[in-house]
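A.B. asks: Encoded as structure tokens, here's the structure I'll be asking about.
The values are calculated or read from the model by the stated rules, or taken from the named source; none is laboratory data. Please read these numbers as outputs of a predicted model, since none were measured by experiment. Here the Cβ positions follow ideal geometry from the backbone for every residue, glycine too, while neighbour counts run over all protein chains shown. SASA here: full protein model, heavy atoms, side chains in, ligands and nucleic acids out. Shrake-Rupley method; radii C 1.70, N 1.55, O 1.52, S 1.80 Å.
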Amino acid sequence: MNEPRFATGSGGGPRPSTVDKSGRLRVPGASLYYEVRGTGPALLLIPTGNGDGGPYTPLAEALADRHTVVTYDKRAYSRSPLDAPDEGADRVRADVEDARAVIEQVAGGRADVLGGSSGAIVALELLTRHPDRVGTAVVHEPPLASVLPDAPQWLEFYAGLYRTYQDSGPSVAMGVFRERMGMRGTTKPPDDAQLPPDELAAMLARIRANHTLWFEREVRAYPALIPDIEALRPLAGRLVLGGGDTSRDDFPYQPNRVLSARLGIPITHFPGGHVGFVTHPAEFADALSALLTP
């Protein structure tokens, strides 16, 4: 299945996107929507907690002249419906296996990987469990509260956030979350990388609908995941711990400080903050491509 997509060019106006292919990949229990852009070494972009591949579009566009970039929506989110309810499932593991399936069946069997925020947790676990499918894994600010010295307090914060969501709804809880995470300022791409209005409206509608899914599926389990440090040690040469230039004092940056110390590898800084891949797509693309290209 091929669907026309659009992004913006350097002149600021909409232009046809470089999407070469889009479709659906059948995986156990779900159907994953994906898009492929460009040519070159394969690069998989794992969605953040909003579950939607759309926010990666400007970054994917900026990389398409150097990489074959695959984006997708996570299971249950946006355009990737479940076949049946999956209550009680290990959702981190399911997301890892979905990413593996996308690499095997869409990206040619092996790919470099970038994951941001919750997607960084998936990327880290993907490298741990399926190192044969991953070239380099760029793990950008994973919110792994479990590794921090004050882990119990942070895990209680997430539990309380879930209770706020239950009592007051997702909008109120999202406000509490953004304030506590230190997520200040814009989370939008620059004007010359904005999606056309109709596509932007559709993506934002999907993301708003996904908020409830994030609270129900991820907000407590993902930060509590304990990474397998011993399994990661021999893979450290293929692991990049990414951090934002402007987010070094914020919570999402801190877990990588711990991983850096425990694994003996540095933090690699990228333009922008926690979502620099959205707010600084061109600069982030250059930094990422330089890192991945021999």
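A.B. asks: Quick one: in the stretch 79-104, which of the residues that are modelled with pLDDT under 95 and not in a helix (DSSP H, G or I) is surrounded by the most Cβ atoms within 10 Å (Cβ to Cβ)?
C.D. replies: Of everything passing the filter in the stretch 79-104, Asp86 is surrounded by the most Cβ atoms within 10 Å (Cβ to Cβ).
A.B. asks: Also, I was wondering about something else. Of the conditions (1) in contact with a Ser or Thr (Cβ under 7 Å, 6 or more places away or on another chain); (2) open to solvent by less than 50 Å² (accessible area, probe 1.4 Å); (3) in a loop (DSSP other than H, G, I, E, B), Ile226 clears all except one; give me its number.
C.D. replies: (2)
A.B. asks: For the stretch 137-145, indicate whether the set of residues that are surrounded by fewer than 16 Cβ atoms within 10 Å (Cβ to Cβ) and either within 16 Å of Leu241 (Cα to Cα) or aliphatic (A, V, I, L, M) (or both) is non-empty.
C.D. replies: no
A.B. asks: In a helix (DSSP H, G or I) and modelled with pLDDT of 95 or more: is that true of Glu35 in this structure? Let's see the steps before the verdict.
C.D. replies: Values: in a helix (DSSP H, G or I): no; modelled with pLDDT of 95 or more: yes.
Judged against the criteria, Glu35 is not a match.
A.B. asks: Among the residues of the stretch 201-223, which ones are part of a helix (DSSP H, G or I), open to solvent by less than 30 Å² (accessible area, probe 1.4 Å) and of a type outside the set (Phe, Trp, Tyr)?
C.D. replies: Scanning the stretch 201-223 gives Met203, Ile207, Asn210, Arg217, Pro223.
A.B. asks: List every residue pair whose Cβ atoms lie under 6 Å apart, where the two residues are 6 or more positions apart in sequence or sit on different chains, the first residue falls within the stretch 260-280 and is under 25 Å from Asp228 (Cβ atoms), and the second residue, located anywhere, is assigned to a loop (DSSP other than H, G, I, E, B) and of a type in the set (Gly, Ala, Ser).
C.D. replies: His274/Ser247
A.B. asks: Modelled with pLDDT of 95 or more, in contact with a helix residue (DSSP H, G or I) (Cβ under 7 Å, 6 or more places away or on another chain) and either β-branched (Val, Ile, Thr) or open to solvent by 30 Å² or more (accessible area, probe 1.4 Å) (or both) - does that describe any residue in the stretch 114-121?
C.D. replies: Yes: one or more hits.
A.B. asks: Please work out which one of (1) among the aliphatic types (A, V, I, L, M); (2) touching a Ser or Thr at 6+ places or on another chain (Cβ under 6 Å); (3) within 30 Å of Leu235 (Cα to Cα) is the condition Ala173 fails and give its number.
C.D. replies: (3)
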